[in-house]
1. Taking the conditions exactly as written (without any contact (Cβ under 8 Å) to a residue 12 or more places away in the chain, over 21 Å from Tyr36 (Cα atoms), loosely packed, with under 12 Cβ neighbours inside 10 Å and within 14 Å of the chain's Cα centre (by Cα)), does Val149 satisfy them or not?
2. Of the conditions (1) in a loop (DSSP other than H, G, I, E, B); (2) away from the ligand (no atom under 11 Å from the Cβ); (3) at pLDDT below 90, Thr83 clears all except one; give me its number.
3. What are the residue pairs meeting all of these: first residue in region 97-113, first residue without any contact (Cβ under 8 Å) to a residue 60 or more places away in the chain and closer than 14 Å to Val128 by Cβ, second residue within 14 Å of the ligand (Cβ to nearest atom) and of a type in the set (Ser, Thr, Tyr), Cβ atoms under 6 Å, and 6 or more apart or on different chains?
4. Which of the residues belonging to region 88-145 are aromatic (Phe, Trp, Tyr) and either within 13 Å of the ligand (Cβ to nearest atom) or in contact with a Lys or Arg (Cβ under 6 Å, 6 or more places away or on another chain) (or both)?
5. What is the number of the single condition among (1) in contact with an Asp or Glu (Cβ under 6 Å, 6 or more places away or on another chain); (2) surrounded by 17 or more Cβ atoms within 10 Å (Cβ to Cβ) that Gly119 does not meet?
Amino acid sequence: MVEDTWYLRLVKSIILILVVGCLLFWFLPLHINYYYEGNRIFCIHDGLKSWSRANIEFKRTFDKKDADVLIDHIPQSQCDSITEVAEHNSGKIHINADYQTTDKQLTGVIAHEFGHYLGLHHNHDNSVMNVDIPYGILPTDLDIARVRVEVLKLKLDRL
Ligand SMILES: [Zn+2]
């Protein structure tokens, strides 16, 4: 049997620290701060929270400087669509203020736009990113599986 020398104990300690660090990194949630000062906060909250199963925690901030995602309402004249529009992947989600949506529709749109923030593109699957499905669908198991790697990348970017 090999005797534990000081350097062997050091190597074992380093390996243990690396393994624990990787496990913590994998299991700790991604924290997203969002800023929103409109009057449909419940839709915004529900749309974002629909991604919680992907190990993401959301917190509303009242300081734009602390926000990962800025959500606001803008006039239709500044939108390139009659529906809500986001600057994809930028952390800015603009809602067309002149387009009427039900609460369920707006919740689905926010879920969709946050999918873009996470790096997802449009598709034709059973997905919140499917552009053929009318507003209102929330992230499916397929979406949650697809963003696992994207969530890890966002966590790595913050190291
Ligand atoms: Zn889209």
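1. On the way: without any contact (Cβ under 8 Å) to a residue 12 or more places away in the chain: yes; over 21 Å from Tyr36 (Cα atoms): yes; loosely packed, with under 12 Cβ neighbours inside 10 Å: yes; within 14 Å of the chain's Cα centre (by Cα): yes.
Criteria met by Val149.
2. With (1) in a loop (DSSP other than H, G, I, E, B); (2) away from the ligand (no atom under 11 Å from the Cβ); (3) at pLDDT below 90 applied to Thr83, the lone miss is (2).
3. Once the first residue is without any contact (Cβ under 8 Å) to a residue 60 or more places away in the chain and closer than 14 Å to Val128 by Cβ and sits in region 97-113, its partners that are within 14 Å of the ligand (Cβ to nearest atom) and of a type in the set (Ser, Thr, Tyr) give Gln105/Tyr135.
4. Residues of region 88-145 that are aromatic (Phe, Trp, Tyr), as a first pass: 99, 114, 117, 135.
Within region 88-145, Phe114, Tyr117, Tyr135 meet the criteria.
5. For Gly119, the failing item is (2).
Each row is one residue, and each column tells you yes or no for (1) modelled with pLDDT of 90 or more; (2) surrounded by fewer than 17 Cβ atoms within 10 Å (Cβ to Cβ).
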residue: Ser90; (1), (2): no, yes
residue: Asn96; (1), (2): no, no
residue: Gln100; (1), (2): no, yes
residue: Gly108; (1), (2): yes, no
residue: Met129; (1), (2): yes, no
residue: Ile133; (1), (2): no, yes
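The values are calculated or read from the model by the stated rules, or taken from the named source; none is laboratory data. Since the structure is predicted, the reported quantities are computational estimates derived from the model, not experimental observations. Methodologically, a virtual Cβ is constructed for each residue, glycine included, from the backbone with ideal geometry; neighbour enumeration extends over all protein chains shown.
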